Structures are given as C-alpha cells and as structure tokens.
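See structure below.
Since every read-out is calculated from the coordinates, none of them should be taken as a lab result. Keep in mind that what you see is a predicted model, and the values were worked out from it rather than measured. Ideal geometry is used to build each Cβ from the backbone, glycine not excepted, and the neighbour counts take in all protein chains shown.
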Amino acid sequence: MRSFTNPFKAVFAIILICCLGAAQASAIEISKKDVRKRVKELEKDGWKSMEMPLEQQVERDMERRSMTDEDGYDKYIAKTVVTRGSSYSAAQMAAENMAKVRIASDIGSSVASLADIALENQEISPSEATSVMTASEKAKVLVSQKLGKLITSICAYRMVGDQYEVTLTILYDQKKAIEIANDLMMAELGNDPDFAKIVNEKSIRSSYTGQSFSEYE
C-alpha cells in the first residue's frame with residue numbers, strides 16, 4: 001500500500017523545527033568577548049585545564065547558565081568551589097562533595113526563610129516555625145546525599161607547592177533539586193497538609209530564585 005504525506009503538514013513541520021532551532025540558539029548565544037574575558041581572568045590566576053581547553057569550558061558553562069526551563073526559572077543551579085588535595089582526582093572529588101553541601105545548604109536556608117515569613121504573617125505558630133526550621137536543618141544533610149550525579153561545567157587546576165588546587169563549577173537541575181528537598185521536608189514534617197501550604201515546590205522555587213547562581217565563590 002502506498003503512503004502519501006500531506007505536503008502542507010511536511011512544510012509546517014520543517015518551519016516549526018527551524019523556528020525552534022533559531023529560538024534555542026538565540027536563547028543561549030554567548031558573547032565571545034565575555035568568554036575571552038573570563039578565560040583571561042582564570043589564566044591570570046594561574047588556572048589551566050588538564051582536559052578540554054579553558055575557552056571551550058567557559059563557553060559551555062555560560063551557555064548552560066543562560067538556559068531556562070519551561071516555567072521560566074534558571075534550568076541549573078551553579079556552584080563554583082575551590083579545594084586542594086594530594087592528587088588531581090582527590091581535589092576534584094572534594095570539590096564535588098563541597099558543591100553538593102552548598103546546594104543543599106542554600107535550599108535549606110530558603111525553606112527556613114519561608115518559615116520566618118509565615119511566622120511573621122501569623123500563618124503558623126512559633127512552635128510550628130521551629131518544626132519547619134528543624135526539618136530544614138535535617139534536610140540539608142539528606143539533600144546533599146540524594147543529589148546524585150553533578151554536571152561538571154568547568155574544571156581547572158594549579159599547583160600550590162606539592163598539592164593540586166582545583167576550581168570546579170558544577171551544575172544541577174534546579175527543579176529536580178527542589179523536588180528532592182520538598183519530598184524530604186514533607187517526610188520530616190509528617191506530610192502535614194498545613195505545612196504543605198507553606199513549604200511546597202512552588203514556594204521553595206520562588207524563595208530560592210532570589211539567590212545568585214552565577215556568583216563565583
């Protein structure tokens with residue numbers, strides 16, 4: 001049996017693909033000047049790459065940081081940390097663990113701020129606010145353990161004496177991280193619907209986006 005394709009549908013599909021491609025390209029277009037400026041800063045401080053050239057890493061990092069998700073939020077949480085170790089791999093592993101802890105700590109702090117606001121607005125009692133804050137402290141530890149694989153965006157090193165010093169920029173899907181945090185928070189709070197009105201994925205995301213993801217630490 002012969003199959004016929006509607007030519008109008010085919011043309012429409014081609015136009016749609018082209019438009020989507022153009023939109024995506026414009027959304028992540030990065031200035032070469034900004035890339036070179038950042039690379040010069042890194043090189044001036046003595047950083048060098050063991051693998052991919054720094055210019056490629058920086059460009060990739062800036063592109064990823066510019067991405068937004070379907071809700072208009074930054075797609076990734078970014079953290080840049082510097083650690084030292086007796087070997088390159090040891091310093092890199094320490095940096096990854098530190099980055100996870102910082103992501104979890106930031107989210108936990110955002111949850112605590114929600115409790116402060118709710119208490120100020122008399123939406124919860126002082127004892128309930130304390131429960132949320134206590135749960136957020138526990139969640140900080142658990143979130144860092146459950147984040148899983150990170151995306152390495154920039155990895156460079158320099159020698160300090162006989163030690164490797166590594167600067168590592170990692171990215172993690174913001175939506176996924178907050179989903180993990182919210183699930184852990186609700187479990188700590190006994191899935192109480194009253195708490196869920198204060199602490200939920202939407203409220204955590206709104207609170208967390210007030211922070212700077214692009215700051216080099």
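For T152, the conditions (1) surrounded by 22 or more Cβ atoms within 10 Å (Cβ to Cβ); (2) among the β-branched types (V, I, T); (3) part of a strand (DSSP E or B) are fulfilled apart from (1).
In the stretch 111-149, which residues are in a loop (DSSP other than H, G, I, E, B), of a type outside the set (G, A, S), within 21 Å of A181 (Cα to Cα) and out of contact with any helix residue (DSSP H, G or I) (no Cβ under 8 Å at 6 or more places or on another chain)?
Here is the first cut: in the stretch 111-149, the residues in a loop (DSSP other than H, G, I, E, B) are 121-125, 147-149.
Narrowing further to those that are of a type outside the set (G, A, S): 121-124, 147, 149.
Next, only the ones that are within 21 Å of A181 (Cα to Cα) stay: 124, 147, 149.
Once the filter is applied, which keeps residues that are in a loop (DSSP other than H, G, I, E, B), of a type outside the set (G, A, S), within 21 Å of A181 (Cα to Cα) and out of contact with any helix residue (DSSP H, G or I) (no Cβ under 8 Å at 6 or more places or on another chain), the stretch 111-149 yields only K149.
Only one of the numbered conditions (1) outside any helix (DSSP H, G or I); (2) within 17 Å of A118 (Cβ to Cβ) is violated by R205, and that is (1). Looking only at residues in the stretch 155-185 that are farther than 20 Å from S89 by Cβ and of a type in the set (D, E), the one that is surrounded by the fewest Cβ atoms within 10 Å (Cβ to Cβ) is E179.
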